[in-house]
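Encoded as C-alpha cells, here's the structure I'll be asking about.
The values are calculated or read from the model by the stated rules, or taken from the named source; none is laboratory data. Since the model is a prediction, treat every value here as computed from it, not as a measurement. When we count neighbours, we look across all protein chains shown, and the Cβ atoms used for this are built from the backbone with ideal geometry, even at glycine.
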Amino acid sequence: MKTPQGLNTICVHEGEVDDKIYKGAVSPIYPATAYAYQGQDESAYPRYFNTPNQANLAKKIARLEHAESGLIFGSGMAAISSAMLSILNSGDNVIVQNQIYGGTRNFIKKELESYKVNYDFVDLNDEKAVENLIQSNTKLIYLETPSNPLMELVDMKKIAQIAKAHNLLTMADNTFATPINQTPIDFGIDIVVHSATKYLGGHSDITAGAVATSKVLIEPILHKARNFGGSLSDQTTWLLERSMKTLNLRVQQQNKNAAELANFLYHRDWIEQVFYPGLESHPQYDLAQSQMKGFGGMLSFKLIKEISATAFLKELKLVKDVLSLGGVETTILSPAKTSHSLLSEDERQAQGITNQVLRLSCGIENIEDIIDDFNQSISRIV
C-alpha cells in the first residue's frame, strides 16, 4: 500500500504503535520507565523522548508539518525553550515578532536575558526594519502567525528568504493555524513549534508541546530537551495521539464556525473591530489566502467603549469564559487579564491589547447556538 496522503488518513494512522501481541485497533500504552539496555543501540527512557508512544507520535507531528523529524514535549513552553536554547548561546541575538503569545515574550525577556542572549522585538512585515536589526551575532528569527491575540500574519516566505540570505534560522509557532491550515516548512521556515495543549490535544484536558524540523536540527534540540527534562508521560502521549486522530475533522468545523461568527460580529453595531484573517477587511487578507489553506478557529474582536467587556463575559451561558483555546467547546477570554497579563500596560497598549479586546476560540458546536448566546448576552447589558 502506498504511503497515505489524505489528511484524515494521516491523522488516524500515521505514528500508530503496532500491537503485535493482541492486534488491537489502537495503539497500546507503554508506561514503563525502565527498559532493557543490553543489545540495544539506545535504551528507551521517558526523559530521552524515545519510548514507543513518544517516538511514534512524533512521526505523526512531523508528517503533518511536512518535516523530517519531530519531538513531543510536556508543554508548549518546554518545546519553545528547548528549541530556542538549542540555537542561542550567551552573546547571541534573536529577532522576534513584536506581537506574540505573552508567555513566550516573558520567556524571552526574563529567561533569555538571564542567559545573556540579546533580543530585538520588531514588526516582521517591515523588511527594512528586520534587515537593519541583523547583526553578526544574530542566529534566529522567531515568529507566530497568526499571532496571539490580534491575528497578525507574517509573510513566512519573505522572512525565510531574508534569514537564508544571512545564514539565520527561523522558528514559527504554528499553534493557532495548526498543520491543517498551514505548513510553515513549505514556505522555508526551519523549525515549527506548537502548544499541543491547544488544537492538537483539542479537548482541554492535556498539556503538551511539539517541535517539527529537519533531522539535522532535531539533534541539538533533543540534546537540550533531555537535559531540561521536559518530556511527556506515555499516558498523556497516548491521549494526544487519540485526540489527533480527529484533528482535521475538528479544525475544519472550527474554521467554518469562526468564519461565520467573524462575519456575524463584523456587522454588529456593538463591535468596533473584528480581527480574523478570513475577513476581506483584514489588512492581510491577501497574504492569508496565499499561505493558509483555512483561516483557523481563532478570532478576536473589540467591543465599543460603551459596552463593558466584563459584563458581556458574565452574561454568556454557552460560551465558556476560561483560559486556553483550541478545544471542541467555544471559549472566550480577555487577553489583557490572562494570556498577556505579564506584559506591562504600556506594552499592551502599544500592541492594541486593550480591556475591550476579547479573544475567542471557536469550538465545534452548532454556530447558531454560539450566535444566540452572543445575542442574549448583549441584550442583557444594553
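Out of curiosity, is Glu306 farther than 20 Å from Asn148 by Cβ and surrounded by fewer than 17 Cβ atoms within 10 Å (Cβ to Cβ)?
Yes; evaluated as a whole, the condition is true for this residue.
Further question on the same structure: Filtering segment 359-382 down to residues that are among the hydroxyl-bearing types (Ser, Thr, Tyr) and in contact with a Leu (Cβ under 9 Å, 6 or more places away or on another chain), which residue is surrounded by the fewest Cβ atoms within 10 Å (Cβ to Cβ)?
Ser377
Mind checking which residues of segment 22-45 are without any contact (Cβ under 8 Å) to a residue 60 or more places away in the chain, within 18 Å of Lys245 (Cβ to Cβ) and surrounded by 13 or more Cβ atoms within 10 Å (Cβ to Cβ)?
Result: Pro28, single match.
If we only count helices (runs of 4 or more DSSP H) wholly inside segment 64-149, which ones have 3 or more residues that are touching a residue at least 40 places away in the same chain (Cβ under 8 Å) and under 22 Å from the mean Cα position of the chain (by Cα)?
In segment 64-149, the matching helices (runs of 4 or more DSSP H) lie at 76-85, 102-106.
For the condition in contact with a Leu (Cβ under 9 Å, 6 or more places away or on another chain), at pLDDT below 95 and either among the small types (Gly, Ala, Ser) or buried (at least 19 other Cβ atoms within 10 Å of the Cβ) (or both), what is the one hit in Gly103, Gly74?
Only one candidate qualifies: Gly103.
Over 28 Å from Ser243 (Cβ atoms) and either among the polar types (S, T, N, Q) or in the same structural domain as Lys157 (by TED's automatic domain parsing) (or both), is that true of Thr310?
yes
Output the residues belonging to segment 150-198 that are closer than 27 Å to Ser341 by Cα, of a type in the set (Gly, Ala, Ser) and not in a strand (DSSP E or B).
Ala177, Ala196
Taking the condition under 30 Å from Leu360 (Cβ atoms), assigned to a helix (DSSP H, G or I) and among the acidic types (Asp, Glu), does Glu241 pass?
It is true that Glu241 is under 30 Å from Leu360 (Cβ atoms), assigned to a helix (DSSP H, G or I) and among the acidic types (Asp, Glu).
Right, another one. Go through (1) assigned by TED's automatic domain parsing to the domain that holds Gly326; (2) buried (at least 21 other Cβ atoms within 10 Å of the Cβ) for Ser290 and report which single condition fails.
Just one mismatch for Ser290, condition (2).
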